[in-house]
Amino acid sequence: MTDRKTHILVTGASRGIGKAILDGFDVQDITAVGQSTAGKTGLLKSDFANADEVARLWKDALERLDGRVDVLINNAGIFDPNPIAGSDADWLDSWNRTMQINLTASAQLCRLAVRHFQARGNGGRVINIASRAAYRGDSPDHWHYAASKGGMVAMTKTIARSYASEEILAFAICPGFTMTGMAEDYLESRGGDKLLKDIPLGRVAQPEEIASMAKYCALDAPPSMTGAVLDANGASFVR
């Protein structure tokens, strides 16, 4: 690609991986805007549980970024437990909520981004933050989370295969446990020391490590890398 990508939208940017990604673009010649549910500290407000708010976010991002988005980074997601012993209605509600926030909202934004890239005619990049769970699966209470992340990976590969000829590139990053509030709570609930023994590196990833991968995919990864899925799990799951 000859046109440098400098206008970037990052979802789920209030903390953890998303915040680290957004902070990583705080450099000369890069204009990045983030999204969060609450929309505080300069972030765009959008509750992904409401599908109608996703399109509004895209409109707001275009306004903030002077009518141009070059790179979309889908990071927003939830990790709520959903025990199979719950009521049918509660289990289905939790399943649908996770799918809407983790996968459907990302798909909505990917669609808007691809159409925007096509209209501008100079390509663009999509980076989807998935999870090790897309390949390894997750706990008995997190079928929905694993399924949503598996869907993100499949969607990324499809975008890459479908639009590479238009210089629209797509990458997925699959972290294992990362030192965010969400993962810390889970590690504590499941016995952190025991789970850490399953990570040959001996520690979980830092958000800045994942952010460095996202930044590389957004700005420097060669076009031939489109469709790649990058793992970052301390060798706890190797493919």
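The condition of being within 20 Å of Ile173 (Cα to Cα), basic (Lys, Arg) and open to solvent by 20 Å² or more (accessible area, probe 1.4 Å) does not hold for Lys59. Residue count for the stretch 115-137 under the criterion of being touching a residue at least 40 places away in the same chain (Cβ under 8 Å), open to solvent by 10 Å² or more (accessible area, probe 1.4 Å) and of a type in the set (A, V, I, L, M, F, W, C): the result is 1.
Residue-by-condition table, conditions (1) under 20 Å from Met213 (Cα atoms); (2) modelled with pLDDT of 95 or more; (3) in a helix (DSSP H, G or I); (4) touching a Cys at 6+ places or on another chain (Cβ under 7 Å):
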| residue | (1), (2), (3), (4) |
| --- | --- |
| Ile127 | yes, yes, no, yes |
| Ser131 | yes, yes, no, yes |
| Ser139 | no, no, no, no |
| Ala146 | no, yes, yes, no |
| Lys157 | yes, yes, yes, no |
| Ala170 | yes, yes, no, no |
| Glu184 | no, no, yes, no |
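The set of residues in the stretch 5-27 being more than 15 Å from Leu65 (Cα to Cα) and surrounded by fewer than 17 Cβ atoms within 10 Å (Cβ to Cβ) consists of Arg15, Asp23, Val27.
The values are calculated or read from the model by the stated rules, or taken from the named source; none is laboratory data. This structure is a prediction, so every number in the text was calculated from the model and none was measured. All Cβ positions, glycine included, derive from the backbone under ideal geometry; neighbour counts span all protein chains shown. For accessibility, only protein heavy atoms count, side chains too; no ligands or nucleic acids. Shrake-Rupley method; radii C 1.70, N 1.55, O 1.52, S 1.80 Å.
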